Every structure is written in structure tokens, then in C-alpha cells.
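Bear in mind that the values in this text are calculations on the coordinates, not laboratory data. If you're wondering where the values come from, they're calculated on a predicted model, not measured in any experiment. All Cβ positions, glycine included, derive from the backbone under ideal geometry; neighbour counts span all protein chains shown.
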């Protein structure tokens, strides 16, 4: 297991699949929105994709290093404590700051 989340997530063999997964998540979240605000988001998302193809992909790719940096303390806590998979660990922790083996 890699010590730094950044190294694992942004490795050349991992990053393209991660970007694809992020785009699929965004697509899903936009598709399940409802109401007036949901309609506005759907129209905006469709417009961006139509007139600036690749923009969302570019933005996801450019945000990944910062996301990995922000998640690093949680990753270090998770690695120190073991147990659940990292996604389950994050869900259990919620918005709290990481602290050694506190979950």
C-alpha cells in the first residue's frame, strides 16, 4: 500500500480510471437532481458539455491533486488503524478531522 494517497491516485496507471469514475459520479449526481434547481444544474451541465467538450474532464483532472492533498490526513489515519476499506472509513468519520484510530 502506498504511503501517500497522492502517489496512488495520480499514478499514470490509475489516474485515467479515477477521472472516468469521477465523471461517472458527476453524471449520476446530476441525473438524479430534481426540482427547479435540479433542472437548472442539468441545463448548465449539458450546456458546458456541448460548448466546451472536455471541460469537466479537465476540471476533474486539475482538482485531483488538491483532493488527494486534503484526503492525506484521513489516509494516514486509515493506514495506521487498518480495518474497513477507505471509502467505508470516510463514511463512518463524516466531517470530523482525522485522529489516530478514533473510529
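By the count of neighbouring beta-carbon atoms within 10 Å, fewest first, 36, 26 end up ordered 36, 26. Against the chain, whose longest principal axis is taken from its Cα atoms, helix 35-51 shows a tilt of about 80°. Seen against the Cα atoms of the chain and their longest principal axis, helix 15-31 is set at about 60 degrees.
Given in Å, the Rg to one decimal and the Dmax to the nearest whole number for the Cα atoms of the chain are 16.5, 47.
When the alpha-carbon atoms of region 24-83 are used, the pair Rg, Dmax equals 16.2, 46 angstrom.
I'd like the orientation of helix 55-81 relative to the chain: the angle between its Cα long axis and the longest Cα principal axis, in ° from 0 to 90, rounded to 10. Roughly 20 degrees between the two axes.
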